[in-house]
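Colleague: Below is one structure. I have some questions about it.
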Amino acid sequence: MITAESKKLLARTSSSLAWIAGILLLLPLSAFAALGGDVSSVQADSVHMKGALRIMNAQAYTVHEIRAESGMVVREFVNASGKVFAVAFQGPHVPDWQQLLGDYFPQFRQAVQGNRAMNHRVVSIQEPGLVVQAGGHMRSYSGRAYLPDAIPSGVSADSVR
């Protein structure tokens, strides 16, 4: 039997949950220059990582390098149209794969789950449209991910380091 007091408590709880959900919808979502993303959000990565941003120009692309106080270094390779075609990292820990890979994270996760023989310290994925190579040990990880079809003409995948 539901009492009047129970109904009031339920109404207050529902009201509170609706209010919290509304606040969460108003909060800005973090933007990251993840693989396949836009260069305009590289600054957000720098802030998120609490790192210093340095931009280096190459012949057919630019490299946006973020050096965090934690020792993590992330390089985002951006083509002439402003899209991130590759990312590379090195540092004391494994990066946030979801942040790094953006919309390609589900494809990455599915490839990792489908490869039971994969060593936990080494990731090597060569899927249609996505290549991820990473490895290391405690306090020393490095890797890269790139979109083979988005690499600028005349640029080798070996340039992604």
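Colleague: Which of the residues spanning the range 124-161 are touching a helix residue (DSSP H, G or I) at 6+ places or on another chain (Cβ under 8 Å) and on the phi > 0 side of the Ramachandran plot? Full working, then the answer.
Modeller: Let us first name the residues in the range 124-161 that are touching a helix residue (DSSP H, G or I) at 6+ places or on another chain (Cβ under 8 Å), namely 125, 127, 129-132, 145-148, 151, 157.
Scanning the range 124-161 gives a single hit, Gly129.
Colleague: What number of residues in the range 117-132 are touching a Gly at 6+ places or on another chain (Cβ under 6 Å) and of a type outside the set (A, V, I, L, M, F, W, C)? Break it down into steps so the answer makes sense when it comes.
Modeller: Start the filter on the range 117-132 by keeping residues that are touching a Gly at 6+ places or on another chain (Cβ under 6 Å), which leaves 121-122.
Subsequent filtering for residues that are of a type outside the set (A, V, I, L, M, F, W, C) retains 121.
Number satisfying all stated conditions: 1.
Colleague: Determine whether Ala60 is touching a Gly at 6+ places or on another chain (Cβ under 7 Å), surrounded by 17 or more Cβ atoms within 10 Å (Cβ to Cβ), at pLDDT 90 or above and of a type in the set (Gly, Ala, Ser). Can you show your working first?
Modeller: Numbers: touching a Gly at 6+ places or on another chain (Cβ under 7 Å): yes; surrounded by 17 or more Cβ atoms within 10 Å (Cβ to Cβ): no; at pLDDT 90 or above: yes; of a type in the set (Gly, Ala, Ser): yes.
For Ala60, the condition - touching a Gly at 6+ places or on another chain (Cβ under 7 Å), surrounded by 17 or more Cβ atoms within 10 Å (Cβ to Cβ), at pLDDT 90 or above and of a type in the set (Gly, Ala, Ser) - is not met.
Colleague: For the range 123-161: of the residues being of a type in the set (S, T, N, Q) and surrounded by fewer than 17 Cβ atoms within 10 Å (Cβ to Cβ), which is nearest to Val74 (Cα to Cα)? Lay out the reasoning, then the answer.
Modeller: Within the range 123-161, the first condition is being of a type in the set (S, T, N, Q), and the residues that meet it are 124, 126, 133, 140, 142, 153, 156, 159.
Now narrow it down to the ones that are surrounded by fewer than 17 Cβ atoms within 10 Å (Cβ to Cβ): 124, 126, 140, 142, 153, 156.
On the way: Ser124: 19, Gln126: 21, Ser140: 14, Ser142: 10, Ser153: 23, Ser156: 19 Å.
Out of the qualifying residues, it is Ser142.
Colleague: Considering only the range 36-51, state which residues are touching a residue at least 12 places away in the same chain (Cβ under 8 Å) and either surrounded by 14 or more Cβ atoms within 10 Å (Cβ to Cβ) or in contact with a helix residue (DSSP H, G or I) (Cβ under 7 Å, 6 or more places away or on another chain) (or both).
Modeller: Taking the range 36-51 as the starting set, the residues that turn out to be touching a residue at least 12 places away in the same chain (Cβ under 8 Å) are 36-40, 42, 44-46, 48-51.
Of everything in the range 36-51, those that are touching a residue at least 12 places away in the same chain (Cβ under 8 Å) and either surrounded by 14 or more Cβ atoms within 10 Å (Cβ to Cβ) or in contact with a helix residue (DSSP H, G or I) (Cβ under 7 Å, 6 or more places away or on another chain) (or both) turn out to be Gly36, Gly37, Asp38, Val39, Val42, Ala44, Asp45, Ser46, His48, Met49, Gly51.
Colleague: Further question on the same structure: In the range 54-93, what residues are basic (Lys, Arg) and in contact (Cβ under 8 Å) with a residue 60 or more places away in the chain?
Modeller: The initial filter retains those residues of the range 54-93 that are basic (Lys, Arg), namely 54, 67, 75, 83.
Arg75, Lys83 - these are the residues of the range 54-93 that are basic (Lys, Arg) and in contact (Cβ under 8 Å) with a residue 60 or more places away in the chain.
Colleague: Related question: Any chance you could count how many residues in the range 57-85 are within 13 Å of Gln43 (Cα to Cα) and in contact with a Ser or Thr (Cβ under 7 Å, 6 or more places away or on another chain)?
Modeller: Residues flagged as within 13 Å of Gln43 (Cα to Cα) and in contact with a Ser or Thr (Cβ under 7 Å, 6 or more places away or on another chain) within the range 57-85 amount to 1.
The values are calculated or read from the model by the stated rules, or taken from the named source; none is laboratory data. Since this is a predicted model, take the numbers as computed values, not measurements. Neighbour counts are summed over all protein chains in view; Cβ atoms, including those assigned to glycine, are modelled from backbone coordinates with ideal geometry.
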